[in-house]
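A short reminder: the numbers here are calculations on the coordinates, not readings from a lab. Keep in mind that what you see is a predicted model, and the values were worked out from it rather than measured. Cβ: placed from backbone, ideal geometry, glycine included. Neighbour counts: every protein chain shown.
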Amino acid sequence: MQLIACPWCGPREEIEFSYGGQAHVAYPEHPASLTDEQWAHFVFFRDNPKGPFAERWSHSAGCRRWFTAVRDTRTHRFVSPPEMTS
Amino acid sequence: MADRMADRTLTPTHPLADRRGLLATVADETAGAVRLELEAPVAAVDLRLDPRGTGPAAVAAAIGAALPSAPDTWTAHPTGAALRLGPDEWLLTSTAASAEDWEFHVDEVAAAHGGMAVDVSAQRTSLRVRGAARELLSFGCALDLRPASFPAGRCAQTLLGQSGVLLVAHDVDDLQILVRPSFAAYVADLLVDAAGELVPQPVP
């Protein structure tokens, strides 16, 4: 099984983590002014790159903290040390 | 009838009380290699506090020992233990105080420094594994439990089988498992089953 380096607990098995999707998706500044299509883009549309992808992960079976990590979607390798963010 | 209605004091029981006999058989079957024991419930609070502020030092002064500073470590204080669960989270247990007093005592100090403490005494129950504890737990836990990487003073929240547990290393042959009461029976059965692997086999 793949090991994921939790910034707090260190390397742990992948099964202890839960996936939080693409990182750095900003909440719209004026949600009420968006059209349905713009809102749908914010809610549902995510990048699907072949290569490095910044993602949110939660160490749900450990310290329960969220962090952002960059994973290469071709190799599943984490390319940069994850950072702890609230 | 009226007398019986009046006397309705609730007494806490260990969630694994009905498995006490089963756990005791493990020591006999493994010829003393592994001993599983239930631990009495203790008062526990979950402490949330900014680790960079003045809070940790103030709480340390109140409980009589420094809080653990490194990730996944624990320290003993005069009446219990302080376990680091996260960057801003500790679990403080006490065998001396009642749950209400312990929460009030810790929360009073934490609140003055922008933190808080909440009573979680009923959140976890405790099993003690003595003897070949690391070998036994390795049947269901992916952590490297060898004494070199999980020495006394370490603790870790991880998975044992399919249940989340908090492992506490007391000594080379002495580990404590803190587990949610509703998962305790599963963990106990898992350990009893795994202990079957440590039963000494007759030499042919």
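In table form, for the structure just shown:
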{"read-out": "Along principal axes, Cα extents of segment B:83-198, largest first, whole Å", "value": "51, 30, 25"}
{"read-out": "Order of B:Ile177, A:Ile4 under a 10 Å beta carbon neighbour criterion, fewest first", "value": "A:Ile4, B:Ile177"}
{"read-out": "Counting all C-alpha pairs of chain A, share separated by more than 16 Å (%)", "value": "56"}
{"read-out": "Packing-based exposure ordering (other Cβ within 10 Å, fewest first) of B:Glu39, A:Glu55, A:Glu37, B:Glu108", "value": "A:Glu37, B:Glu108, B:Glu39, A:Glu55"}
{"read-out": "Residue-span extension gain [B:Val172 to B:Ala62] - 0.36 nm each, minus C-alpha spacing", "value": "36.6 nm"}
{"read-out": "Gap separating the Cα centres of segment B:122-154 and segment B:159-204, nearest whole Å", "value": "8"}
{"read-out": "Burial order of peptide ranges B:13-26, B:151-164 (average beta-carbon count within 10 Å, highest first)", "value": "B:151-164, B:13-26"}
{"read-out": "Sum of -39500 (n - 2.57) over DSSP H runs of 4+, divided by residues of chain B (222 nm, nearest 500)", "value": "-8000 deg cm²/dmol"}
{"read-out": "Shape category assigned to chain B from the gyration tensor of Cα positions, a/c cut at 1.5", "value": "oblate"}
{"read-out": "Local electrostatic count at B:Glu89 - Lys and Arg +1, Asp and Glu -1, tallied over other residues with Cβ under 10 Å", "value": "+2"}
{"read-out": "Angle between chain B longest axis and helix B:181-195 axis [Cα atoms, degrees, rounded to 10]", "value": "30"}
{"read-out": "Cβ-defined net charge surrounding B:Ala111, 13 Å radius [Lys, Arg +1; Asp, Glu -1]", "value": "-3"}
{"read-out": "Gap separating the Cα centres of segment A:48-68 and segment B:35-97, nearest whole Å", "value": "28"}
{"read-out": "³J(HN,Hα), Karplus 6.51/-1.76/1.60, whole Hz, each residue of segment A:34-45, x for Gly, Pro", "value": "7, 6, 4, 5, 5, 5, 4, 5, 5, 6, 10, 8"}
{"read-out": "Residue mean of other protein chain beta carbons inside 10 Å, B:30-40", "value": "0"}
{"read-out": "Low-density loop positions, trypsin sites (Lys or Arg not before Pro), segment B:37-133 - DSSP coil, at most 15 other Cβ in 10 Å", "value": "B:Arg52"}
{"read-out": "Whole-angstrom gap from segment B:10-27 to segment A:6-33, using each part's C-alpha centre", "value": "41"}
{"read-out": "Angle in degrees between helix B:20-29 and the longest Cα principal axis of chain B, rounded to the nearest 10", "value": "50"}
{"read-out": "Coil-residue trypsin sites (Lys or Arg not before Pro) of segment A:1-82, DSSP, other Cβ within 10 Å capped at 12", "value": "A:Arg46, A:Lys50, A:Arg74, A:Arg77"}
